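Notes follow once the structure below has been shown.
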Amino acid sequence: MSFNSFGHLLRFSSFGESHGQVIGGMLDGVPPNIDLSESDIQPFLDKRRPAQSRFTTQRKEPDKVKLLSGIYQGKTTGTPIAFIIGNQDSRSQDYTEIAKQYRPGHADYTYEAKYGIRDPRGGGRSSARETAIRVAAGAVARKVLTTQYPMIQIVGGLMMMGEKKLSEPYDFKATYQNPLFMPCADEKTCSLWQDYLDRIRKDGDSVGAMVEIRALHVPPGWGAPIYGKLDADLASAMMSINAVKSVEIGDGVRVANLSGAKNADEMRMRGGHPVFLSNHAGGILGGISSGADIIVRFAVKPTSSILTPRRTIDNSGNEIDIVTKGRHDPCVGIRAVPVGEAMMALVLADHYLRHRGQCGEL
């Protein structure tokens, strides 16, 4: 299988399956002499870790990362950084009944149509379990960014869960500061979502979500005007996350309802520096960062594994009804937030290195 890597100067690759012995990855292109240890990575994995509330899968994985290469005496050496995370609580027997059945909404049919074989245990390679490795890689990418630009911050949270929207104003820096460790920046909204998800779970169903990721204090000039657009790479990275079905930059589809006068982000000088009076563009103009906050939103579909019976077929062509048993998130968007943050970090770090290679440290 190809297509397990992305990035240019910072190249990320991943390997492993949901129920294999380990999942792992490698980052090639990390500059040397950056302080890095497993303790720099673990806090981000803990944000994504399952079984932290009743609203995520109860698969109990500690998700402890182990660095294998590219580090000497606590610093990066400029060589590839490899890392693994063990799979300790997989229950392959939960998938025995569906080994020959195609779960609606899953990649079972398309995967088998492409390769002629599939690993049914937890979705195999197409499982969201792989995203834990992305979060680990994203933590390293943050170190690449903040070593040179300590002011850069990457924050995110849920904007919407099903029909329930986040109350405004909100501050994503307050995300996770609630008893449920939920990526919600408003305590009142978090309480409403709790009741909402309880009803969804009892009905044996699931619900989708809208996630917003912001990168603050990114310098202007990163990206390229045609085939290396920063927003194009961000959109591709976010769409690569399991269950993501749409991506918006800035105002996204809402710009279709605006006039040119309302959509234009006007500028003034403040303290000797240019500033934007609005940010409809989401911090990217012509594929290049503007210095305003970079804003990306993505929609996550409802979890496809549900207890509500669904019509499908098996690999012999028989029409059947299916109920997907096992341990699943009623809203997979909850744990998609740290994954989106990681993908933002990986893309930005790659574009920083590209910019430095072409233009130097301006």
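The values are calculated or read from the model by the stated rules, or taken from the named source; none is laboratory data. Keep in mind that this is a model prediction, so the values were computed, not measured. As a convention, Cβ positions derive from the backbone with ideal geometry for all residues, glycine included, and neighbour counts pool all protein chains shown. Accessible surface areas use protein heavy atoms only, side chains included; no ligands, DNA or RNA. Shrake-Rupley method; radii C 1.70, N 1.55, O 1.52, S 1.80 Å.
Computed over the chain, the per-residue total of -39500 (n - 2.57) for DSSP H runs of n ≥ 4 gives a 222 nm mean residue ellipticity of -8500 deg cm²/dmol, rounded to 500.
Our note on the geometry: Cα centres of segment 345-362 and segment 130-159, 15 Å apart.
Report the Cα centroid-to-centroid distance between segment 164-201 and segment 299-322 in angstrom, as an integer. When both Cα centres are located, 29 Å separates them. Between E97 and L307, the simple spin-label model (points 7 angstrom out along Cα→Cβ) gives 1.2 nm. Taking the longest Cα principal axis of the chain as reference, the axis of helix 333-359 is set at about 40 degrees. In a solvent-free Debye calculation with one equal scatterer on each Cα, what is log10 I(q)/I(0) for segment 240-335 at q = 0.19 Å⁻¹, listed in the order of the q values? Values, matching the q order: -0.97. For a straight C-alpha distance cut-off of 18 angstrom, the aspartates and glutamates reachable from K64 (same-chain residues fewer than eight places away being disregarded) are E17, E38, D40, D46, D89, E130.
One decimal place: the segment V22-N4 gains 4.9 nm when fully extended, by the rule 0.36 nm per residue minus the C-alpha distance. Computed over the chain with a Gaussian network model linking Cα atoms closer than 10 Å, the most mobile of L258, L27, L68 is L258. Here Cα extents along the principal axes in Å was calculated from the structure, and among (i) 57, 52, 41; (ii) 60, 42, 39; (iii) 67, 50, 40 it sits at label (iii). Any idea how far apart R270 and S69 come out in nm if each label point goes 7 Å out from Cα toward Cβ? Using points 7 Å along Cα→Cβ, the separation is 4.7 nm. Under 10 Å, Cα contacts only: if you run a Gaussian network model on the chain, which one of N257, N33, N87 comes out with the highest mean-square fluctuation? Its mean-square fluctuation being the largest, the pick is N257. For K100, the accessible area of its heavy atoms, probed at 1.4 Å with every protein chain present, is near 140 square angstrom. Between A139, A292, A264, the GNM of the chain built on Cα springs shorter than 10 angstrom shows A264 fluctuating the most. Label positions at S278 and N315, each projected 7 Å from the Cα along the C-beta direction, are separated by 5.4 nm. Think of each Lys and Arg Cβ as +1 and each Asp and Glu Cβ as -1; about the Cα centre, that makes the dipole of the chain roughly 260 debye.
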